[in-house]
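Report on one structure; see the data block that follows.
The values are calculated or read from the model by the stated rules, or taken from the named source; none is laboratory data. Please read all numbers here as calculations on a predicted model, not as lab measurements. Cβ: placed from backbone, ideal geometry, glycine included. Neighbour counts: every protein chain shown.
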Amino acid sequence: MLSIQQKTYTNSKLTPQQIQYQKPLQLNNLALEQRIKEEPELNPLLEEEMDLKTAEDDDDRYEEDDSFDEDAEFTVEDYMNDEEYFDDPSYKDHREDSYRPIAKARESFSEHLLQQLYLLEIPQEHIMLGEEIIGNLDTDGYLGRNLDEILNDLETFQHVKVSPADAETVLKTIQTFDPAGIASETSGNV
């Protein structure tokens, strides 16, 4: 009689590098100290940055400061006003290493269109009309207002007069901008 059985096995193997990393972890303190002292002699590229006496002094300093009042309340201001923390060389080194330039913020849709407008060699009145047209685009890039209304506002509020024929030319120019289809008039404005 035939039977089918399913068995699961887990088998993990350590790489030689992982085995090498584990060896120092298995040493006792005395053997580890001896290994740390021998390693720079074996590898000239290594340097011992801190002697063990300094490390023990640091441990003593932290042991003395272990008193912690559980009832005390700490605020963010307590940490921000801790001068010892900010004077600590490890904080300064970390702060300098963590500096990364901030990327330029993405330009908005209207800024993208205005940049294209400003590259044109057209009269100032036409640029002002182009700014008004771009300012009246909805979030989908459609021109939600009638061109005559925009011309009327431009003349009323900014005292700039542009002929309807020139306004049509400026609108058609803006419609050639990137992205395609920009400043198309909605069906209610045609």
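Miscellaneous remarks
- Which numbered condition Thr156 misses (of (1) farther than 19 Å from Ser108 by Cβ; (2) surrounded by 13 or more Cβ atoms within 10 Å (Cβ to Cβ); (3) modelled with pLDDT under 90): (2)
- Counting only helices (runs of 4 or more DSSP H) that sit wholly inside segment 1-87, those with at least 2 residues that are modelled with pLDDT under 60 are 52-64, 76-80, 83-87.
- Residue in segment 159-190 that is surrounded by the fewest Cβ atoms within 10 Å (Cβ to Cβ), counting only those that are among the acidic types (Asp, Glu) and assigned to a helix (DSSP H, G or I): Glu168
- Residue within segment 170-189 that is more than 37 Å from the chain's Cα centre (by Cα), more than 20 Å from Glu111 (Cα to Cα) and modelled with pLDDT of 90 or more present: no
- On the stretch given as segment 105-114, residues that are in a loop (DSSP other than H, G, I, E, B) and closer than 19 Å to Gly181 by Cα total 1.
- Tally, over segment 115-142, of residues that are under 18 Å from Ser184 (Cβ atoms) and either hydroxyl-bearing (Ser, Thr, Tyr) or assigned to a helix (DSSP H, G or I) (or both): 10
- Take the conditions (1) acidic (Asp, Glu); (2) in contact with an Asp or Glu (Cβ under 9 Å, 6 or more places away or on another chain); (3) modelled with pLDDT under 90; Glu125 misses just one of them, which is (3).
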